[in-house]
1. If the Cβ limit is 6 Å and pairs must be 6+ apart or interchain, which residue in segment A:265-287 that is touching a residue at least 12 places away in the same chain (Cβ under 8 Å) pairs with which residue that is surrounded by fewer than 20 Cβ atoms within 10 Å (Cβ to Cβ) and of a type in the set (Phe, Trp, Tyr)?
2. Within segment A:262-292, which residues are surrounded by 15 or more Cβ atoms within 10 Å (Cβ to Cβ), at pLDDT 85 or above and over 16 Å from the mean Cα position of the chain (by Cα)?
3. Give segment B:306-323 a look and list any residue that's surrounded by 13 or more Cβ atoms within 10 Å (Cβ to Cβ) and either of a type outside the set (A, V, I, L, M) or within 30 Å of the chain's Cα centre (by Cα) (or both), or say none.
4. Only residues that are part of a helix (DSSP H, G or I) and more than 7 Å from chain B (Cβ to nearest Cβ): list them for segment A:195-213, please.
5. Select from segment A:130-172 the residues that are among the small types (Gly, Ala, Ser) and farther than 26 Å from A:Val87 by Cβ and write down the one among them that is farthest from the chain's Cα centre (by Cα).
6. Check whether at least one residue in segment A:129-137 is of a type in the set (Asp, Glu), under 30 Å from A:Met74 (Cβ atoms), more than 14 Å from every other protein chain (Cβ to nearest Cβ) and buried (at least 16 other Cβ atoms within 10 Å of the Cβ), and report yes or no.
7. For segment B:20-101, give me every one of the strands (runs of 3 or more DSSP E) that falls completely inside it and has 3 or more residues that are of a type in the set (Lys, Arg).
8. Give the residues of segment B:206-229 that are within 8 Å of the chain's Cα centre (by Cα) and at pLDDT 90 or above, sorted by residue number.
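The values are calculated or read from the model by the stated rules, or taken from the named source; none is laboratory data. Note that the structure is predicted; figures quoted are calculated from it, not measured. Note: ideal-geometry Cβ built from the backbone for every residue, glycine included; neighbour counts use all protein chains shown.
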Amino acid sequence: MLREKSRKIKTPYYLIMPPQVLIWVVVIFPLLWAIYISFHDWNPTISPQRTFVGIGNYLNVLRDARFLSALGRMFYYSGVGVTIQLVLGTAIALAIVEYIRSPRWRTTVLVLFLLPMMMAEAVAAQMWTLLITDTGTINNILVWLGFSPVGWRAKELALTTIMIVDIWQWTALPLLIAYAARISIPDGLYESARLDGASKWLILRKITLPYMRVPLAIAFLLRFMDSYKFLDKVFIMTYGGPGTATELPTFYLYQTAFSYFKVGYGAAMSWIFGIIAVIAMFFFWRLAKRMS
Amino acid sequence: MITVSVSHLWKRYGKTVALQDVSAEINGGSFFCILGEPGAGKTTLLRIIAGLEVPDEGDVFFDGQNVTLVSAQKRNVAMVFQDFALYPHMTVFENIASPLRAIKAEEGKIRERVHEVAAFLKIEHLLDRSPLYISGGEKQRVAIARALVKEPKISLFDEPLVNLDFKIREDMRAQFKLMQKEFNQTIVFATPDPVDAMSMADQVLILHEGKVQQFATVWEAYYRPSNMFVATYLGFPPMNILSGELREEGPHLFFVASGLKVDVTDLPGIREVRERKLLVGIRPEHLLLGDEKGAEISWDGEVLLSEIVGSDTIVHLKVGKDLGLRSFVPGIYRVAVGARVTVNLRRDNIYAFKESGESVIFPGRHESLFNTFKG
């Protein structure tokens with residue numbers, strides 16, 4: 001009787017054991033290991049010796065001008081880039097619904113916008129790298145149109161160039177979410193508003209946008225998370241350069257840990273970077289809660 | 001208050017013809033019902049009047065002015081949708097206020113108007129609530145309040161009662177009538193329920209498959225139906241229809257239908273009927289049970305079923321050779337199944353139709369009688 005009971009209690013644990021083991025081995029243990037490492041100075045290419053430095057690594061990261069400016073770039077890149085993606089995506093979605101009536105044409109246009117998103121990040125990055133060289137196709141077209149060529153990969157512009165490529169590729173996601181949100185708004189509300197004599201602008205402000213708030217917030221969150229961990233295009237298009245002009249925290253982190261092999265310092269940096277993400281999410285959810 | 005008229009409206013959606021040559025005139029200050037089954041074209045007609053749709057052919061006039069191509073924004077028409085279409089992200093107050101906000105009315109005037117209308121509809125206690133968390137009847141009132149608040153030229157209601165339960169529906173009918181008087185409104189009311197039309201409407205436009213069947217006052221449509229569709233549609237339970245033929249025997253004229261023989265010699269108008277095959281209609285409320293004094297026609301019937309509906313009774317009878325008839329008896333009438341009863345009918349309550357459905361005999365034919373009905 002008792003054995004029967006204890007077996008009943010244990011069964012669920014056996015069932016969830018395999019994923020548990022996996023999570024402990026590949027997620028939780030490495031995280032804890034990273035905390036342990038972050039309190040040490042350790043370069044495995046020089047010696048297996050780890051020197052305990054306490055919170056020294058953390059203090060150094062917070063004082064590291066290179067890290068802070070990478071963080072600044074990240075906020076510029078994410079803030080401006082994601083905002084543009086969101087505004088542009090929403091505008092295009094609303095325009096599609098407003099001006100394209102035939103379902104077939106709508107699908108066609110949507111698919112066209114979605115195509116870049118289907119492309120692997122690395123492929124898109126490689127393609128654009130070729131397009132934006134100083135004598136690349138884009139500049140050739142500009143010259144042909146009578147403009148002067150643009151130094152897309154120059155120090156001042158490089159990060160913005162990557163941002164534009166990212167906008168080209170990822171505007172489709174907020175577009176798709178905004179489109180779905182827009183077509184889920186009952187027509188009756190619009191007809192009601194028209195009968196009330198509301199102008200198009202008022203209808204946009206009072207019905208469309210309030211109604212799309214939550215889906216758009218989710219689109220923002222998805223894109224922000226993606227751009228927070230963004231690495232691929234930087235890696236392929238500029239490798240952080242020229243100088244450190246396109247160095248985002250993820251790239252600097254990668255360099256620190258896996259090129260310079262300052263493993264303890266890198267671990268501390270990744271924890272700080274992670275905590276910033278948690279704080280950002282916390283504020284985001286507070287905002288989202290207040291909105292709904 | 002304006003007079004709205006529509007003339008020769010046609011509207012097609014792909015292959016379906018929603019409206020076919022619909023014309024009508026809606027007098028200012030009247031309660032106008034568009035009556036028809038689902039798919040009859042009621043909503044399309046309302047939407048054309050509102051300006052949400054443009055007809056393929058035909059015109060809409062507001063006080064003689066052609067507004068066919070004027071946008072909905074500029075018509076100052078109010079419409080209450082079947083699903084109410086309340087803005088879920090605004091409070092009840094903001095919902096009601098929205099038409100006034102759209103025309104940028106003063107804040108003070110908005111408050112005053114909203115409270116005035118809310119007080120009339122008894123929804124003042126809901127003003128701070130979200131429309132997501134109020135009952136169907138309350139949503140209905142909010143939608144009506146939103147329509148009333150801007151003092152529209154004309155108010156359109158698209159089947160506003162169908163989503164409500166029986167009790168509230170009864171209540172709302174009275175409210176609609178009161179409201180029309182109180183706010184001096186022109187109301188166009190689309191409904192599939194003849195009871196709505198009969199209890200509220202001054203005039204009724206009966207649609208079937210996009211075609212006008214009859215455009216008249218309710219009583220005229222009831223006593224002088226233009227065809228069998230109108231006759232059976234108006235009235236509950238629907239009219240009994242007997243298929244039979246006219247037979248001449250000497251100086252007498254009889255209507256014969258499965259074992260029943262009715263002397264119709266003196267029925268006004270019967271001599272002008274050319275067709276021999278006829279459909280005779282008898283309203284259940286005109287079939288009286290028991291020993292009726294002065295009954296002109298009496299049959300023996302057998303009770304098949306007695307059905308109590310609300311506070312009235314519908315008695316299903318078998319008359320003659322297997323002829324099923326329904327009789328409507330006011331009040332609760334207890335009668336055993338299988339009982340024999342006498343079924344009485346006054347001759348001037350007989351309706352008759354050609355096989356095509358066109359009316360040939362109806363009570364309203366007798367002008368004097370009709371005038372008493374009109375009351």
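1. So the pair list comes out as A:Ala268/A:Tyr58.
2. Residues satisfying the conditions are A:Lys262, A:Val263, A:Gly264, A:Tyr265, A:Gly266, A:Ala267, A:Ala268, A:Met269, A:Ser270, A:Trp271, A:Ile272.
3. Let us first name the residues in segment B:306-323 that are surrounded by 13 or more Cβ atoms within 10 Å (Cβ to Cβ), namely B:306, B:308, B:312-320, B:323.
If the condition is that a residue be surrounded by 13 or more Cβ atoms within 10 Å (Cβ to Cβ) and either of a type outside the set (A, V, I, L, M) or within 30 Å of the chain's Cα centre (by Cα) (or both), then B:Ser306, B:Ile308, B:Asp312, B:Thr313, B:Ile314, B:Val315, B:His316, B:Leu317, B:Lys318, B:Gly320, B:Leu323 are the ones that fit.
4. Kept after step one, since they are part of a helix (DSSP H, G or I), are these residues of segment A:195-213: A:195, A:200-213.
The answer is A:Lys200, A:Trp201, A:Ile203, A:Leu204, A:Arg205, A:Lys206, A:Thr208, A:Leu209, A:Met212, A:Arg213.
5. Initially, segment A:130-172 is screened for residues among the small types (Gly, Ala, Ser), giving A:136, A:146, A:148, A:151, A:154, A:158, A:172.
Right, trim to farther than 26 Å from A:Val87 by Cβ and you get A:136, A:146, A:148, A:151, A:154.
On the way: A:Gly136: 28, A:Gly146: 36, A:Ser148: 33, A:Gly151: 26, A:Ala154: 24 Å.
Checked segment A:130-172; the qualifying residue farthest from the chain's Cα centre (by Cα) is A:Gly146.
6. To start, the set of residues in segment A:129-137 that are of a type in the set (Asp, Glu) comprises A:134.
Filter once more, so that each one left must be under 30 Å from A:Met74 (Cβ atoms): A:134.
Those still in the list that are more than 14 Å from every other protein chain (Cβ to nearest Cβ) too: A:134.
Subsequent filtering for residues that are buried (at least 16 other Cβ atoms within 10 Å of the Cβ) retains none.
Within segment A:129-137, none of the residues are of a type in the set (Asp, Glu), under 30 Å from A:Met74 (Cβ atoms), more than 14 Å from every other protein chain (Cβ to nearest Cβ) and buried (at least 16 other Cβ atoms within 10 Å of the Cβ).
7. Working: elements: B:31-35, B:57-62, B:77-80.
So the answer is none; nothing clears 3.
8. At the first step, the residues of segment B:206-229 found to be within 8 Å of the chain's Cα centre (by Cα) are B:206, B:218.
Hit for segment B:206-229 is B:Ile206, nothing else.
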